[in-house]
Amino acid sequence: MKNLVFMLFLAVSPVASGADGCTFDQAEQEVVLKRAALRHPGGTLALKQRHIQWSEPGGWTSTFTYGGCHHFGAGASLAQRSAAAMTRLEVMATAIALAQRFWNKRTVGDTLALETLSKNVGEARYTVEKAGGSTVYRVIDPAFAELSVEHSHENGIDLVRIAWIGNY
C-alpha cells in the first residue's frame, strides 16, 4: 500500500492512459497548471506529466499534479527533511495547507475538494489505514472516488500527500 495515493493518481494521468480520445479536456488542464505555475513561481512545470515541482535548498520539495484522461483528479505533496515523523495533527495541518494552496478557486476553479477535506479533517471523519510505513487517511464522500491524505517518514524525509479522484 506504500505510496497508494501517488499510484492511484498516476493511473489517472494522461501519460498512463493516453491522450487520444480523452473524456476530460486536456487543454483546460494545461491552463490550470500554467495558472498554478504563475501563482507559485519558481517551480518546474511538466505539462505532459501534468505536474509542477518546487524544490528548495533547505531540503523540501512540493508538487502539484492535476488532470486525467478518462479519470480526473488532483494531488499535492510536501516532502521535507525531519529527524522525527510529524504527529497526526501536524500531518492534517500540512494537508489542509496544501489543499488551500492548490485546491482553491483561483487555481483550479473550484473549492469542493478543499471544502470536503477541511470539513472532514476538522470533524475527524476519515478512516485510517497503516501499511508498509505509510498511513493513509481516507475521507468518504460521494463526490469523490478517492479523497485522501497519506503520510510517511523514511530515511529522514517526512512526506505528506493529498489526492482526490472525482466520482464522475
*Normalised by the residues of segment 29-126, what does the relative contact order come to in percent, with Cα pairs under 8 Å and at least six apart?*
18
_Proxy reagent accessibility, fewest Cβ within 10 Å first, across Tyr126, Tyr168_ = Tyr168, Tyr126
*Have a look at His70, Ala83, Val128 and report the one farthest towards the positive end of the charge dipole of segment 4-166, computed about the Cα centre with Cβ charges (Lys/Arg +1, Asp/Glu -1).*
Ala83
*Quote to one decimal, in nm, the extra length available between Thr44 and Thr61 on full extension: 0.36 nm per residue of separation minus the C-alpha distance between them.*
5.0 nm
_Cα→Cβ-extended label distance, 7 Å offset, between Ser82 and Ala131, nm_ = 2.3
_Give me a comma-separated list of calculated 3J(HN,Hα) values for segment 130-142, in order, Karplus coefficients 6.51, -1.76, 1.60 applied at θ = phi - 60°, integers in Hz, x for any Gly or Pro._
10, 6, x, x, 10, 10, 10, 9, 9, 8, 9, 8, x
*So what's the back-of-envelope 222 nm ellipticity for the chain, counting only DSSP H runs of four-plus at -39500 (n - 2.57) apiece and dividing by all residues, rounded to 500?*
-10000 deg cm²/dmol
*Footprinting exposure proxy for Trp164, Trp60 (fewest neighbouring C-beta atoms within 10 Å first)*: Trp60, Trp164
*Please find, in a Gaussian network model of the chain (springs between Cα atoms separated by less than 10 Å), the residue of Val149, Val108, Val31 whose mean-square fluctuation is greatest.*
Val31
_What does the charge count around Gln100 come to, taking other residues whose C-beta lies under 12 Å from its C-beta (Lys +1, Arg +1, Asp -1, Glu -1)?_
+2
*Over the chain, what relative contact order in percent results from Cα pairs under 8 Å that are six or more residues apart?*
24
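Cα convex hull of the chain: how many Å³ per residue? Mind showing how you got there, number by number?
Values: hull volume 17.6 nm³, N = 168.
Looking at the chain, the number lands at 105 Å³ per residue.
Each value in this text was obtained by applying a stated rule to the coordinates, not by laboratory testing. Bear in mind the structure is a predicted one, so any value in this text is a computation, not a measurement. So basically every Cβ, Gly included, is an ideal-geometry build from the backbone, and we count neighbours across all protein chains shown.
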